[in-house]
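In what follows, a structure is listed as structure tokens, so that the remarks can point back to it.
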Amino acid sequence: MTLAPDPTELLARARFDLRMGLPVVLNGIQPLVIAAAETLTEDRVKALRSLSTDCVLAVSARRASTLKAHAYDRDIARLILPKNADLSWLKGIADPAGDLQNPMKGPFNSARDGDATAHRFAVTLTKSARLLPAVLCAPIAQGAEFAAANNLVLLDHRLLEDKLDTRSTLMEVVSANLPMEVSEAGRLHVFRPDDGGDEHYAIEIGRPNRAKPVLTRLHSACFTGDLMGSLKCDCGPQLRAALACIGREGHGVLLYMNQEGRGIGLANKMRAYALQDQGFDTVEANHRLGFEDDERDFRLGSDILRLMGFKEARLLTNNPRKVDMMTASGINVIERVPLHVGENRHNKDYLATKRKKSGHLE
């Protein structure tokens, strides 16, 4: 028996430290000290740069494309730091907010030699912490010794790569009755992942028969739309319409997944909104930030339905990707139930982009 953290717990610690601006040590053939550019301070930049003359800024291929930098490592690029690179330089590369005001940020030299496995891990880890995918990486000689001397989290990325790609196991924490406007026969279930991540919720209306397909809405959290009534998206109207539909039927489940902003988090979603104000559409804004079109994992919805005892669903959605991912992860979606509500003059272009670029159906 041991009280030491297991690999999943170490990853959770690492995410927290990166969000706090603390470096993390990756052990391997070429150990690295890594830190998220977004949360770095000037003093830590100087300290990290003093460790090696071969520091690089690892960014996603999406961000590299915007910067017109070569991504020799396919899905990431290792940008070689110029001698005068300071905190403002790093943040300017990580955050596209000032790209239009300062378009001549390059030219950039990208590293093309050596193994980039640790750098790729660093970018993925930073993404999973809901931070901009830009990581300052400093090679060092002895990873374990350096981590111990500086009281930093030590990760062996070679043993943890699968952990980053595997969704965390969910467990139900509690459920309780929740009378609602759409139905007094409501019940809220709270599910918690074992990796210390965000909790997800299931709102059960009535007592759906577990042996029959359950009317289901897989809804991603949207603070601006669900709570504030934002007109920039259709999330709030979809949430209320789905609840009303399930209420009229008398039984069903609404899965409320804490995957704000298509999985990039509220802060990055607001960065995307700011880029949309500059004239970019939703997909282009996400790419400029360094993210994919959609970073959500809909398999979590399947996990929750299975934990609740369901095997089949009638899914309220216009997104065929939700149907495909849930079917592939164990829930047989026998019917897609369209949900078209909430279009207005503020979100008309946004909805058109979802149809044109993200495959949403009419």
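The values are calculated or read from the model by the stated rules, or taken from the named source; none is laboratory data. All figures in this text were calculated on a predicted structure; none of them were measured in a lab. Neighbour counts are summed over all protein chains in view; Cβ atoms, including those assigned to glycine, are modelled from backbone coordinates with ideal geometry. In case anyone asks, the SASA skips ligands and DNA or RNA and just uses the protein heavy atoms, side chains included. Shrake-Rupley method; radii C 1.70, N 1.55, O 1.52, S 1.80 Å.
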## Note on the structure
Ordering 131-140, 83-92 by per-residue average of other C-beta atoms within 10 angstrom, highest first, gives 131-140, 83-92
### Query
Among MET171, GLN238, LEU67, which residue has its Cα positioned farthest towards the positive end of the charge dipole of the chain, with +1 placed on the Cβ of Lys and Arg, -1 on the Cβ of Asp and Glu, and the dipole taken about the Cα centre?
GLN238
### Query
What whole-number value in Å² describes the accessible area per residue of the range 150-210 for a 1.4 Å probe?
60 Å²
#### Entry: Read-out Rg and Dmax of the Cα atoms in Å, derived from the coordinates shown; its label in (1) 20.5, 71; (2) 23.5, 76; (3) 22.1, 66
(3)
### Query
Under a point spin-label approximation (7 Å from Cα along Cα-to-Cβ), what is the THR117-THR53 distance to one decimal in nm?
2.8 nm
### Gained length - ASP156 relative to ARG314, 0.36 nm times residue gap less alpha-carbon distance
52.6 nm
### Unsatisfied cross-links (Cα-Cα over 27 Å) in the set LYS163/LYS212; LYS127/LYS232; LYS105/LYS322; LYS105/LYS232
LYS163/LYS212; LYS105/LYS322; LYS105/LYS232
### Query
Residues with beta-carbon under 10 Å from that of THR224, excluding THR224: net charge, scoring Lys, Arg +1 and Asp, Glu -1?
0
#### Entry: Heavy-atom accessible surface of the chain: percent carbon and sulfur, 1.4 Å
52 percent
### Query
Where the only charges are on Cβ atoms (+1 Lys, Arg; -1 Asp, Glu), what is the dipole of the chain about its Cα centre, to the nearest 20 debye?
740 debye
### Task
Only helical DSSP H runs with n ≥ 4 go in: add -39500 (n - 2.57) per run for the chain, normalise by residue count and round the 222 nm mean residue ellipticity to 500 deg cm²/dmol.
-10500 deg cm²/dmol
